[in-house]
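The values are calculated or read from the model by the stated rules, or taken from the named source; none is laboratory data. Please read all numbers here as calculations on a predicted model, not as lab measurements. Glycine also receives a Cβ, built like all others from the backbone with ideal geometry; neighbour counts cover every protein chain displayed. Each accessible area value is taken on the protein alone, full model and side chains, heavy atoms only, with ligands, DNA and RNA left out. Shrake-Rupley method; radii C 1.70, N 1.55, O 1.52, S 1.80 Å.
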Amino acid sequence: MRPTMQTTASHSPSLAAARQAAPARTAGSVRHYGRYLYLAVNIAILIFLLAPIAIVVVFALNPTPFIQFPPVGVSLRWFEKFFASRDFMHALGFSLEVAVLTTIAATILGASAALALARGNLPGARLIVATMLSPLMLPAILTGLALFQTYVLLDVGRPTWGLVAGHTLVTLPYVVRTTLAVLHNFDTRLEEAAQNLGASPLRTFFEVTLPLIKPGVLAGAIFAFIVSFDQFPVSLFLVSPGNETLPVTLFNYLKFDLDGTIGAASVVSIVLAFVVVIGLDRTVGLRSYVKL
């Protein structure tokens with residue numbers, strides 16, 4: 001009996017260690033499969049988001065005037081038709097002009113408003129923020145209709161500055177929100193240190209405050225440009241004949257024809273958005289602001 005008891009006693013630590021290791025292995029397996037499930041869900045969401053873009057690209061490169069799967073070939077005829085059209089080129093240039101003016105106006109006004117709300121100790125600041133963000137909660141078509149009625153009552157017609165003002169109203173919340181997000185964790189001691197060293201308030205703003213809030217301002221500016229360039233509901237009410245933005249021109253084109261030119265125009269818009277982001281990344285360096 002003694003050898004048996006000794007053998008059992010000698011094996012008991014290994015059995016206890018195995019019992020303790022079993023839950024650890026089970027937990028590791030659960031985490032392992034959970035990680036794969038998480039990656040699979042994210043890949044599925046990414047495919048779902050990119051699938052419409054892929055369909056648009058196929059439509060633009062398909063030689064037939066309708067979507068056909070599998071594609072019968074690759075052709076640039078619709079891009080040639082798009083760039084050869086005087087109406088489309090005028091609309092593209094006008095959309096770029098309005099988007100640039102809107103971005104400048106929304107960036108200046110939005111960043112200034114965010115600084116005032118974060119630093120000014122204004123009474124009712126939360127109500128002011130909710131009011132400035134309200135265009136995001138309202139349907140854009142209602143905003144366009146309200147602006148149209150306002151311009152009619154003021155008897156100003158539908159000028160370009162009115163369209164820019166409407167786009168600025170819609171894009172302003174993006175700049176305000178992203179700039180407030182940066183100012184939320186802003187260390188005001190840096191500004192105090194600069195002023196203690198003899199810097200004027202203006203110099204402190206341009207050399208300390210602005211570089212630190214630049215991630216939020218640039219993010220808002222990118223959103224403002226893209227939203228303004230692709231804005232349709234507000235533009236539908238505020239454009240004047242002969243000065244139509246690209247989305248409105250595409251809408252009017254769809255009334256009479258449906259071919260790959262629509263896909264080509266959409267691809268141009270997508271590429272333009274990528275060019276804007278990549279251009280800012282090359283000139284300003286957005287990769288250093290991924291923390292935002």
Exercise. With every protein chain present, what accessible area does PHE225 have (1.4 Å probe, heavy atoms only), rounded to the nearest 10 Å²?
Worked result: 20
Exercise. Pulled fully out, how much extra length does the chain show between LYS81 and PHE205, if you take 0.36 nm times their separation in residues and subtract their Cα-Cα distance?
Worked result: 39.7 nm
Exercise. Across bins of 5 angstrom width beginning at 0, how are the C-alpha pair distances of the stretch 34-74 distributed, in whole percent?
Worked result: 5, 24, 18, 13, 12, 11, 9, 6, 2, 0
Seminar exercise, completed: With x for Gly and Pro, the residue-by-residue ³J(HN,Hα) of the stretch 45-62, computed from phi through the Karplus equation 6.51 cos²θ - 1.76 cosθ + 1.60 at θ = phi - 60° and given in whole Hz, is 5, 5, 5, 4, 6, 8, 4, x, 5, 4, 5, 5, 5, 5, 4, 6, 9, 6
Exercise. Excluding ligands, DNA and RNA, what is the solvent-accessible area per residue of the stretch 34-74 at a probe of 1.4 Å, expressed in Å²?
Worked result: 76
For this session: With θ set to phi - 60°, apply the Karplus curve 6.51 cos²θ - 1.76 cosθ + 1.60 along the stretch 99-104 and write out the HN-Hα couplings as whole Hz, x wherever there is a Gly or Pro.
Result: 5, 5, 4, 5, 4, 4
Exercise. With no solvent and one point per C-alpha, what does the Debye sum give as log10 I(q)/I(0) for the stretch 163-208 at q = 0.20, 0.27, 0.29 Å⁻¹?
Worked result: -0.73, -0.89, -0.95
Seminar exercise, completed: Between VAL152 and ASP187, Cβ-based FRET efficiency (R0 51 Å, step 0.05) works out to 0.55
Problem set entry | Accessible surface, per residue, of the stretch 85-284 when the full set of protein chains is kept, probe 1.4 Å, Å² | 53
Seminar exercise, completed: In whole Hz, the Karplus estimates of ³J(HN,Hα) for the stretch 219-224 (6.51, -1.76, 1.60; θ = phi - 60°; x where Gly or Pro) are 4, x, 5, 5, 4, 4
Problem set entry | Net length gained if the chain between PHE251 and ALA44 were fully extended (0.36 nm per residue, minus Cα distance) | 71.4 nm
For this session: Just subtract the alpha-carbon distance of THR64 and THR131 from 0.36 nm times their residue separation and send over the number in nm, one decimal.
Result: 19.3 nm
